[in-house]
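The values are calculated or read from the model by the stated rules, or taken from the named source; none is laboratory data. Because the structure is a prediction, the values reported are computed rather than measured. Methodologically, a virtual Cβ is constructed for each residue, glycine included, from the backbone with ideal geometry; neighbour enumeration extends over all protein chains shown. Each accessible area value is taken on the protein alone, full model and side chains, heavy atoms only, with ligands, DNA and RNA left out. Shrake-Rupley method; radii C 1.70, N 1.55, O 1.52, S 1.80 Å.
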Amino acid sequence: MPKEEMLAMLLAGGKGTRLGVLTKNIAKPAVPFGAEYRLIDFPLSNCTNSGITTVGVLTQYKPLVLNSYIGSGSSWDLDRHNGGVTVLPPYVKEGGGSWYKGTADAIYQNIEFIDIYDPEYVLILSGDHIYKMDYAEMLNYHKTKNADVSIGVLEVPWEETHRFGIMNTNEDQKIIEFQEKPENAKNNLASMGIYIFNWEYLRKYLIEEAEENDDSAGDFGHNIIPKMMADNLNFYAYTFKGYWKDVGTIESYWQAHMDLLGEKPILDLQDRNWIIYSVNPNRPPQYLSEDAEVDNSMINKGTQIMGTVKNSVLFFGVKVAQDAVVEDSVILPNTRIRSGAKIKNSIVGRNVIVEKNSKIGLETDDKKSNELKITVIGDDEVIPEASNIKAGMVVG
Amino acid sequence: MMMTPIYKKGGANMNNVMAIINNALDESFLDKLTGHRSLASVPFGARYRLIDFPLSNMVNSGITNVGLLLQTKYRSLMDHIGFGKAWDLDRKRNGLFILPPAHIYQANRAYKGDLQNFASNIDYIKRSNQEYVIIGSPNVVANIDYRDAFKYHIENDNDITIIYRQLEVFRRDTTYTVINTDDNDRIIDMKVNPKKNFYKKISLQRYIMKKELLLDIIDECISKGEWDFVKNAIIGNLNNLKVYGYPFRSYAAVINSINGYYKSNLELLKPNVWQDLFLKNGPIYTKPKDEAPTGYKNGVNARNILAANGCSIKGEVKNSVLFRGVKVHPGAVIKNSIIMQKSEIGENAYLENVILDKGVQITADKSLKGDTNLPMIIAKNTIV
């Protein structure tokens, strides 16, 4: 097998607990996003656009949808004679087997896979972040700095630093201290969960951790990185300037969709210089009827719009009947919205039927609060005729 | 000796049928639209090329061996088809076969007719292990299940079965291959593009027969100096062979003129046509392009349109078909038009009854108007 300079290991086992009904049957990286995609399309497309053609995808929680979605990897041009994409679930070895205990343990359990390619560097990615990033530039930075470890970071507002792992750096961007979700942050550079390691070092630390520490959580943030820092390895922060979002909650998931709209969207998916690839289902063109009223929305193929759609994102196969109104909402694939139904500030799952004259997310019991409440309808639900689902409710 | 039944109850066994799509046709009637591409790769219906329809129909009917006869300007067609992956035709056994016009290298290079294309690729036809063949042309837009027609072909013990459609309205602005049948659907007369004395039944240019019969007919025709598939191989045999018609009753459009092309595109905006074509008998496949979904911006006014992905629409668009990646700037107005891939319509431009080929740029404030019966065509990559 020819040697690869850098291969990517994509952590895709996350459960995404805070997304509730959206991850009932699928791992978080398989969550649909942006009318056409799933979250994992972003790191996979970034890899292919960055010239990284060997990618291991580490799966664990509810992997079926994800496995069949990834398939041969051809959707991302990652069906290669050498390398390409390989799905890596936990497996049984001579001495038994176990689930992936944590992020680092998942890599540790696949040392054999990485050794096949004998890489100089290993790029660690999360399967559930939305961003467009050139990993080749980060590798250049890593080499220029002569780093042992580079961590992708981005500036976050100071008032949010307590939600992130914060990197304290010197003027040369060298990381001198790491604070996990600090009360009083000294810096506002937050880790994006993207690491480049010199494989030789990472391999050594992973083996040491596994062999010497039986109770290890097998986690990069808690176990491996603090140990490497203590040993004075060269850590550098690579600052990323573009759009990045961890859609960890219902609110951030909804907000990330709103970021796709507007005159100049903060996240531009139509950029042909950095295409986000997906499995791209074959559907007929989208049809807007004589009565359709569409404004500030992103709509995929295979949709039929006979009603009103405003400030919304519609996935493939969605049908909005005459006199139905969809506003400020995200409608997942193949959902039918029958006539007279009204939906606002909602996320509606796939294959849902919203029967005639139903209201979703329009009214609230809590009249005092001005806080935005997102209503969520889980996959395959049927919302009966003329029902009234109050704002902030979760069905499913 | 008992013959092995070639279809089982509940459906014809299409493993025993191969298909040939004949692209060696006159395509000059589409003017600028076929100036640089073959008829088969002319864009149609917001995200398709004409060939997607017959090719998808064949695949959906269970045919796994398809040969494409080529004649001229086939670069864009080859680019579109590739190895046939989009149609699931990248197979180890059978699959898609590109059949180039080898005769163009012969000493006497005068082109005689499409039977020459069959003859140049006779080895492919002989080598294929299917017993039956469906021959089709790319310029008929329909969603046909060939299993029914094939079943009829076998049950009625026909030599040749031609799929036809009875027209309610006979378009004078286009040309047809017309047929006349007796009460039992036996074809008693057939004419190619007659100017008068036409019939209301039109051939959908799908011909089913035994492969051996096709080989015999080709040999017979060529040895007599006859080179036209429809006129010589089919019409020439109406009296010698058992040639029957199979009526197809759903939507079908024959693209044989600019106006027919224009009207058939706009006809897709009728929900019943749209449903006949896209939601029955399996999907129409095409080469995927990884375009992001279409963005409708603030203040857009889009009604009665079909649009592909990757468009960014800010102006007013009505009764029109938009292919992928079209940009419509604020204040622009588009009516009754067909706008192909990557075309851009500048601010306050006005387009009515217009066909823009790929990559056309209409600069701000320009106004272009064709007639309902004579659309204005703007050639590929033109800047207006």
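Does B:Y111 count as within 28 Å of B:I258 (Cα to Cα) and open to solvent by 50 Å² or more (accessible area, probe 1.4 Å)? Here the answer is yes, as B:Y111 does meet what is asked.
Take the conditions within 21 Å of B:P288 (Cβ to Cβ) and either open to solvent by 10 Å² or more (accessible area, probe 1.4 Å) or within 17 Å of the chain's Cα centre (by Cα) (or both) and apply them to B:A86. Does it pass? Against the criterion (within 21 Å of B:P288 (Cβ to Cβ) and either open to solvent by 10 Å² or more (accessible area, probe 1.4 Å) or within 17 Å of the chain's Cα centre (by Cα) (or both)), B:A86 qualifies.
Being touching a Lys or Arg at 6+ places or on another chain (Cβ under 7 Å) and aliphatic (A, V, I, L, M) is a condition met by no residue of region A:301-320. In this entry, B:K32 is excluded by the filter for residues that are more than 30 Å from A:N300 (Cβ to Cβ) and either free of Cβ contacts under 8 Å to residues at least 60 places away in the same chain or part of a strand (DSSP E or B) (or both). Residue count for region A:345-396 satisfying the condition of being on the phi > 0 side of the Ramachandran plot and part of a strand (DSSP E or B): 0. Residues in region A:217-270 that are under 26 Å from A:N311 (Cα atoms), free of Cβ contacts under 8 Å to residues at least 40 places away in the same chain and away from chain B (no Cβ under 14 Å) were compared, and the one that is most open to solvent (accessible area, probe 1.4 Å) is A:Q255. I'd like to check something: does region A:202-210 contain any residue that is among the basic types (K, R) and modelled with pLDDT under 95? The answer is no, given that none of the residues of region A:202-210 is among the basic types (K, R) and modelled with pLDDT under 95. Of the residues making up region B:36-83, not one is open to solvent by 10 Å² or more (accessible area, probe 1.4 Å), within 21 Å of B:A119 (Cβ to Cβ) and part of a strand (DSSP E or B).
Only residues that are crowded, with 24+ Cβ neighbours inside 10 Å and either within 16 Å of B:V300 (Cβ to Cβ) or of a type in the set (A, V, I, L, M, F, W, C) (or both) were counted in region A:317-340, giving 8. Looking at A:I383, A:I353, A:I360, just one residue is assigned by the TED database to the domain that holds A:V313, open to solvent by 10 Å² or more (accessible area, probe 1.4 Å) and more than 26 Å from the chain's Cα centre (by Cα), and that residue is A:I353. Among the residues making up region A:271-289, those that are among the hydrophobic types (A, V, I, L, M, F, W, C) and either closer than 15 Å to B:G295 by Cβ or more than 8 Å from every other protein chain (Cβ to nearest Cβ) (or both) are A:W274, A:I276, A:V279, A:L288.
All conditions but one from (1) touching a strand residue (DSSP E or B) at 6+ places or on another chain (Cβ under 7 Å); (2) open to solvent by less than 30 Å² (accessible area, probe 1.4 Å) apply to B:L30; the one that does not is (1).
Of the strands (runs of 3 or more DSSP E) lying entirely inside region B:138-198, the ones with 1 or more residues being touching a His at 6+ places or on another chain (Cβ under 7 Å), open to solvent by less than 50 Å² (accessible area, probe 1.4 Å) and in contact (Cβ under 8 Å) with a residue 24 or more places away in the chain are found at B:160-166.
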